[in-house]
Structures are given as C-alpha cells and as structure tokens.
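Student: One structure, pasted below without further comment.
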Amino acid sequence: MNAINVRDFRNNMASMLNLADNGERLIIQRKSKKYLVIPISDDDMIISPDLEKKLEEAREEYRKGKVTIFSNAIEAANWIEQL
C-alpha cells in the first residue's frame with residue numbers, strides 16, 4: 001500500500017497511476033482525509049438494462065408513495081436487520 005500526499009501525487013501522477021493499474025493500493029492524503037485510487041473499466045460506468053428497469057420501478061414506487069421513512073439511523077438499522 002502506498003500513501004502519498006497530494007503534492008507528491010500531482011508531481012508523480014503517471015507513475016502513481018501505473019502503480020494503481022498494476023494492482024497497488026494507492027492512498028492520497030489531503031489534510032485529514034484519505035482517498036483510494038483504483039482503476040475502473042468502461043463496464044463500471046454503464047447501467048445495464050436490468051438495473052435501469054429496477055431503478056425505474058423504484059422511482060415509480062417513490063412517486064406512488066410506497067416508501068419507508070425512518071426518523072433516525074437506529075430505526076433504519078433495525079429495519080434492515082429484520083430483512
């Protein structure tokens with residue numbers, strides 16, 4: 001795993017991206033936040049017809065008011081546990 005600051009990443013971007021391309025975990029630290037750099041393929045950017053259909057069904061349920069509303073994260077977590 002390689003952890004570098006933003007300045008080093010900017011100055012060595014090509015070699016850093018080559019490391020990520022070769023499977024190395026590359027973490028960029030900016031102040032107190034950290035970012036993981038990973039390569040993605042064109043397939044990662046495509047919404048399949050099946051997923052598009054599911055999204056449209058979910059939008060329709062939302063429009064019809066078929067939603068579950070939680071007042072806090074604990075309620076949501078408890079609901080998920082019951083699934």
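Student: Confirm whether residue 40 is under 16 Å from the mean Cα position of the chain (by Cα) and surrounded by fewer than 10 Cβ atoms within 10 Å (Cβ to Cβ). Steps first, please.
Tutor: Numbers: under 16 Å from the mean Cα position of the chain (by Cα): yes; surrounded by fewer than 10 Cβ atoms within 10 Å (Cβ to Cβ): yes.
Taking the combined requirement at face value, the residue satisfies it.
Student: Follow-up question, since we're still on this one. From the list 11, 22, 72, pick out the single residue that is of a type in the set (S, T, N, Q) and either surrounded by 10 or more Cβ atoms within 10 Å (Cβ to Cβ) or touching a residue at least 12 places away in the same chain (Cβ under 8 Å) (or both). Give the steps one after another, and end with the answer.
Tutor: On the way: 22 fails: either surrounded by 10 or more Cβ atoms within 10 Å (Cβ to Cβ) or touching a residue at least 12 places away in the same chain (Cβ under 8 Å) (or both); 72 fails: either surrounded by 10 or more Cβ atoms within 10 Å (Cβ to Cβ) or touching a residue at least 12 places away in the same chain (Cβ under 8 Å) (or both).
Testing whether each residue is of a type in the set (S, T, N, Q) and either surrounded by 10 or more Cβ atoms within 10 Å (Cβ to Cβ) or touching a residue at least 12 places away in the same chain (Cβ under 8 Å) (or both) leaves just 11.
Student: Quickly run through segment 28-74 and pick out the residues that are aliphatic (A, V, I, L, M), assigned to a loop (DSSP other than H, G, I, E, B) and closer than 23 Å to residue 18 by Cα. Lay out the reasoning, then the answer.
Tutor: Filtering segment 28-74 down to residues aliphatic (A, V, I, L, M) leaves 28, 36-38, 40, 45-47, 51, 55, 58, 67, 69, 73-74.
Pick out the ones that are also assigned to a loop (DSSP other than H, G, I, E, B) and you get 38, 40, 46-47, 67, 69.
If the condition is that a residue be aliphatic (A, V, I, L, M), assigned to a loop (DSSP other than H, G, I, E, B) and closer than 23 Å to residue 18 by Cα, then 38, 40 are the ones that fit.
Each value in this text was obtained by applying a stated rule to the coordinates, not by laboratory testing. Owing to the predicted nature of the structure, the values given are computational and were not obtained by experimental measurement. Note: ideal-geometry Cβ built from the backbone for every residue, glycine included; neighbour counts use all protein chains shown.
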